[in-house]
Every structure is written in structure tokens, then in C-alpha cells.
Amino acid sequence: MSTLAHTMMTAARSTDSGLAGPGELDRYPYSDSPGTERLGIPAWENADQELGRVGRRSAGNRGRGLHGQLVQQLGQMIVSGDLGADRPLVPEEIGQRFEVSRTVVRESLRVLEAKGLVSARPNVGTRVRPVSDWNLLDPDIIEWRAFGPQRDDQRRELSELRWTIEPLAARLAAGHGREEVQQRIGDMVEIMGHALAQGDSLTFSRADAEFHSLLIQVAGNRMLEHLSGIVSAALQVSGGPVTGCDRPTEASLVHHGRIADALAAADGAAAETAMRQLLTVHPEVERVVPAPREH
């Protein structure tokens, strides 16, 4: 079975974030400039005592080493509200608290800046940005929100987005003749079936993730394909009975099989209907996003 690295593609990035461009962070002062109003020292007491423990709570931990772990720690603290909007982040203080080098701090803040979580300005320093500036389609931010105080809102919003993206993708995918990809989608259903029979939830979830990623890729719409990271992130963080992909079940397998059959038959309407059935296995979903009328 192929790896699922390609399903973790980064979701759409904000192009008008007002953030510093590449390399600009290096030119900004890392400590508060003289005369700059201090809003208080960040409260680090809620942070993990050891940086090495950071990220193990996270499903992805996409970074590597101390740099990746610090990104996880600071990102989680910002998203959870432990570090509120406009809070100054002084690299020297961060380095001392987490016992990491200036380079590690600088690179970590650059990653958080690209996600819209912080901004660096001359004579101002680095500060936490308000939620309205965050790149909420970034897979890391999706994950941090899903395991923080905003978990219910995040999972509901992901479910709503999937209702918008995947039924359309299923309809479009049925009209394209990329047989090798459609065959691969069928293979994922077969793998899911074997995994379900063996009680192997990890293999089931990996095949499930690749199934949905391949379906969006075969739809032939590059903008939809760019959003496939949202679906992948949604599958990883779903923790409640919201969609048929939450856990391995016979019903989930049946719906995936129907989608694959509809794709093979080039039946766009059937593929869309089957996808809606897969995404609607809980009454709360229908109340949030009602299914369209059949014409």
C-alpha cells in the first residue's frame, strides 16, 4: 500500500495576509524596542515542562526535532488562547523557557508567521495575530483547533466544508476517464474491506484517507484538488459521530463501495448521492447542512 504523504498536502494559503514576506523576519528586532508598550510577559506556566513531550498529543507532529516541537507548542498555545491576540512574543524569553537556540526560535516563528498566527513588524517585534488573520485552512491549525477548546466548532466546520467539497468532487470524478486512478480508488475499498475484517483500524483509516484524496484528484478541478488537505485533516481529527468516515464500519465500507462503483460506471449523479449518504450518518449533520432537493 502506498504511503499517504500526498494526502497531507498543504491547504490553500492566504495570499493577502499582510504578513512579512520571506526573509523579512530576519530583519525585524526580536526584543521589544525602546518605548514599545509591553502587554505583559507570556504566561508559560501552562506549557509542558519538557519540550520533548510536546507534539505527542498531536496526531501529525509534522515538524522535526526541536524546531517542529516548538512550532507545535507555540501553535497550540496560541490557538487555545493561552497566548492571546497582540501578545508580544520575545524570542529571548521563548529560548530561555524552552531551552532552545535563537535559530530554533527564529525558524519556529517564521513557520507560525506563514500560518498567520503571528506577525513581525519593525519597532514592534513579534506579536500574536487575531483569529481573523489565521490561515484556518492550514492542516496544523485545523489539528490544533480540533484538539483544543474550539474542538466542537472545528469539527462542525470541517463537516460543513466536506459537504461542500466532496459531493461535487464525486460528481466530477465520475466524468473523467483516468482509469488508473479509479482503479486505485477501487483498490482502497478492497483494502478497507480486508482491514475491517481483521479489525485493523489504522490500515482502514489510511486507505480511507487515500480514497478521498484520490477522488478529489480525479475530479479534474485544480482548485478542488488544492483543498484536499482539508478533507485529509478532517479525517484525521474527526472524533465524534459526524460522518461515515469516523470509524471502520460495514455501513461506511458499503458507501465507499457504492461511490467507487458509480465512478467506474461514469454515473456522476449516483456518485454524488452515495457521497452524501456517506457524509450523513448523524442527525446533527442534516440540521447543519441540509441535503439539496432532488430534481
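The values are calculated or read from the model by the stated rules, or taken from the named source; none is laboratory data. Everything quoted here is computed from the prediction, not taken from an experiment. Glycine gets a Cβ as well: all are built from the backbone with ideal geometry, and neighbour counts include every protein chain shown. Surface areas here come from the heavy atoms of the whole protein model, side chains and all, with no ligands, DNA or RNA. Shrake-Rupley method; radii C 1.70, N 1.55, O 1.52, S 1.80 Å.
Observations on the model:
- Segment 73-102, residues that are buried (at least 21 other Cβ atoms within 10 Å of the Cβ) and of a type in the set (G, A, S): G75
- Restricting attention to segment 216-233 and to residues that are under 17 Å from the mean Cα position of the chain (by Cα) and over 17 Å from A271 (Cβ atoms), the residue that is surrounded by the most Cβ atoms within 10 Å (Cβ to Cβ) turns out to be A233.
- Residues satisfying the stated conditions in segment 103-116, i.e. without any contact (Cβ under 8 Å) to a residue 60 or more places away in the chain, open to solvent by 10 Å² or more (accessible area, probe 1.4 Å) and either small (G, A, S) or in contact with a helix residue (DSSP H, G or I) (Cβ under 7 Å, 6 or more places away or on another chain) (or both): V104, E107, V111, K115
- Of the helices (runs of 4 or more DSSP H) lying entirely inside segment 203-295, those carrying at least 2 residues that are modelled with pLDDT of 90 or more are 250-264, 268-279.
- Residues of segment 201-215 classified as closer than 18 Å to A251 by Cβ and more than 19 Å from the chain's Cα centre (by Cα), total: 2
- Test for I142: is it open to solvent by less than 70 Å² (accessible area, probe 1.4 Å), in a helix (DSSP H, G or I) and either small (G, A, S) or more than 18 Å from G75 (Cα to Cα) (or both): no
- Restricting A197, A146 to those that are closer than 17 Å to I230 by Cβ, of a type outside the set (F, W, Y) and either without any contact (Cβ under 8 Å) to a residue 24 or more places away in the chain or touching a helix residue (DSSP H, G or I) at 6+ places or on another chain (Cβ under 6 Å) (or both) reduces the list to A146.
- Given (1) open to solvent by less than 80 Å² (accessible area, probe 1.4 Å); (2) touching a Ser or Thr at 6+ places or on another chain (Cβ under 7 Å), index of the condition P149 fails: (1)
- Number of the exception - A197 against (1) under 24 Å from the mean Cα position of the chain (by Cα); (2) farther than 26 Å from L136 by Cα: (1)
- When V128 is tested against (1) open to solvent by less than 10 Å² (accessible area, probe 1.4 Å); (2) in contact with a strand residue (DSSP E or B) (Cβ under 8 Å, 6 or more places away or on another chain); (3) more than 30 Å from L235 (Cα to Cα), only condition (3) is not met.
- Residues of segment 192-208 that turn out to be open to solvent by 50 Å² or more (accessible area, probe 1.4 Å) and among the aliphatic types (A, V, I, L, M), as a count: 2
- Applying the set (1) open to solvent by 60 Å² or more (accessible area, probe 1.4 Å); (2) free of Cβ contacts under 8 Å to residues at least 24 places away in the same chain; (3) assigned to a helix (DSSP H, G or I) to L136 leaves exactly one unmet item: (3).
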